[in-house]
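S.K.: Pasting a structure below so you can have a look.
Any read-out appearing in this document is the output of simple, stated calculations on the displayed coordinates, not a laboratory observation. It should be emphasised that the depicted structure is a prediction, and the values quoted were computed from it without experimental measurement. Ideal geometry is used to build each Cβ from the backbone, glycine not excepted, and the neighbour counts take in all protein chains shown.
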Amino acid sequence: MCGIVGIVGHSQVAPLIVDALKRLEYRGYDSAGVATIEKGVLGRRRAEGKLVNLERRLKDE
């Protein structure tokens, strides 16, 4: 099972995507990720385990 969220905007959308994923969060998944496009460049961040691991990775960047 998976949850997919899409947001179009001109500001930082990664925090909004993480918030939306929290609303879909369930037990049993093995990873989470966020893909964004900024100035035509695709950025992809992933983390294994719970969504909190992805949040930590995004904060570290």
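S.K.: Spelling out what I want: for every residue of segment 32-44, take phi, set θ = phi - 60°, compute 6.51 cos²θ - 1.76 cosθ + 1.60 (Karplus), and round to whole Hz; glycine and proline get x.
M.R.: Result, ordered by residue: 8, x, 9, 10, 10, 10, 10, 6, x, 10, 7, x, 10 Hz.
S.K.: If r is the Cβ-Cβ distance from Lys59 to Leu24 and R0 is 22 Å, what FRET efficiency results, to the nearest 0.05?
M.R.: E between Lys59 and Leu24, to the nearest 0.05, is 0.60.
S.K.: Report the relative contact order of segment 13-60, percent, no decimals, based on alpha-carbon pairs under 8 angstrom and at least 6 residues apart.
M.R.: Reported relative contact order: 33 percent.
S.K.: Sticking with this structure for a sec: Report the Cα centroid-to-centroid distance between segment 26-61 and segment 1-22 in angstrom, as an integer.
M.R.: With segment 26-61 and segment 1-22 each reduced to a Cα centre, they are spaced 10 Å.
S.K.: Under 12 Å from the Cβ of Ala35, count the other residues' Cβ atoms, weight Lys and Arg +1, Asp and Glu -1, and hand me the total.
M.R.: Summing Lys and Arg as +1 and Asp and Glu as -1 gives +2.
S.K.: Next question, about the same structure. Treating the angle as unsigned and between 0 and 90°, give the value, to the nearest 10°, between the Cα long axis of helix 51-60 and the longest Cα principal axis of the chain.
M.R.: In the chain, helix 51-60 runs at an angle near 40 degrees to the longest axis.
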